[in-house]
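Everything on this sheet refers to the single structure shown next.
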Amino acid sequence: MKTTKKLTIRDIAGAAGVSPATVSLVLNGKGDISGVTRTRVLEAVARLNYVPRSAKGSGEGGSETLRFLKISKHGHTVNRDHSVFISDYIDGMSAEAIRRNYTLEVVSFEGQSISAIAESLTGAPIRGVIALGTELTEDDIRLIQGVGFPTVFIDTFYDVVDANFVDMNNEDAVYKVLSRFRAHGFERIGFVASHVDTTNFRLRQDAFFKNMARLGLKVREDDVLSIESTHEGAYEDTRMLMEGGLDLADCYFCTNDIIAYGFMKALKEFGVQVPADVSIIGFDNLPQSATTEPPLTTIEVSKRKIGYLAVTILDDLINASENQPSVKMLVGADLVLRASDGRDVPRPAPTRLRVAKQLPAE
């Protein structure tokens, strides 16, 4: 992970298609910069592994460095489709790091072993680590934690691992989704899961079954689907299910927005209308969700809040005079209502929801 050339703000500006002044404003949390431009800059910072120079400021030696590890083990969830999602985390971390007189260093790892990532931390001139835990296992977390730096993991959560976590409250979020469907009077509520192994995916699946029981709703085994988590993979897997004559439920909660996009695309090719035939709710509120056809009702969790809290917890760990108990924090969610969940849309007779085993017309 060593670089042969020291990158500059001008390099980041070229990669992001903005001016060096704009890059400087984004990195320092200043100026009236649009969310789209800020995202482009932060994506370039992460992609190029840019390490900002230490800021000159008050105190001896100026600001200190925190390192954010953007880890993609297999790329099924941490990939280009989720670049805005990750940028929001970085945005929240960056703003709070600056406020607390730290420099935030973003380092990206794609496909490297966790042992190599942990080794890269050994002797690093940093004060603490924030790691993207989306694709990490318990063993991965223990390995990174074992390097010895104060560490906070985001976008994952383990009850029995002695580590610090900031994640979204998946159970609360899924309860809001299912309550919405129940309010519409839907009798068959389906779940589009993914066989890709991530902690948040598992937590959402567990929350689906738990909250269905909590709300007095019955789960039909055939209404729980499992597909790939990338956009193209979700689309292809859904096509295969449709070609097999899938008996559609009234509505589906999709594990995330990317899965929802692929799922909806395949349904549309087979003449299934959303929300007239099937209602859909996603999770993440990615920008594209507002522009899909129809716009996607989805769960919004403040990624910037998670990033901010990660830096806050890390700063407390760094400055503590004695060992601290692990901190495990969950951030609540809001349901963003759009057209795809089928509110006020007349529903057809159930017989129309059975899709025959046939290929879509060319």
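Below are the figures for this structure:
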| item | result |
| --- | --- |
| Cα coordinate range in region 202-270, projected on the principal axes (Å, largest first) | 35, 23, 14 |
| Length released on extending from I126 to S19, taking residue separation times 0.36 nm less the Cα-Cα span | 35.6 nm |
| Environment charge of D159, counting only residues whose C-beta is closer than 13 Å and scoring Lys/Arg +1, Asp/Glu -1 | -3 |
| Stretch gain in nm, segment E300-D159, where the contour uses 0.36 nm per residue and the Cα spacing is subtracted | 48.5 nm |
| Listed peptides 278-285, 311-318 by packing density, highest first (mean Cβ within 10 Å) | 278-285, 311-318 |
| Interchain or long-range residues, amide H under 5 Å from S229's placed H | V196 |
| Under 5 Å, built H, 5+ apart or other chain: amide partners of T103 | E64, T65, L66 |
| Net charge of neighbours whose Cβ lies under 12 Å from the Cβ of I126, counting Lys and Arg as +1 and Asp and Glu as -1 | 0 |
| Burial order of peptide ranges 162-172, 263-273, 148-158 (average beta-carbon count within 10 Å, highest first) | 148-158, 162-172, 263-273 |
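Any read-out appearing in this document is the output of simple, stated calculations on the displayed coordinates, not a laboratory observation. In this text the structure is predicted, and so the values were computed from the model without any measurement. Note: ideal-geometry Cβ built from the backbone for every residue, glycine included; neighbour counts use all protein chains shown.
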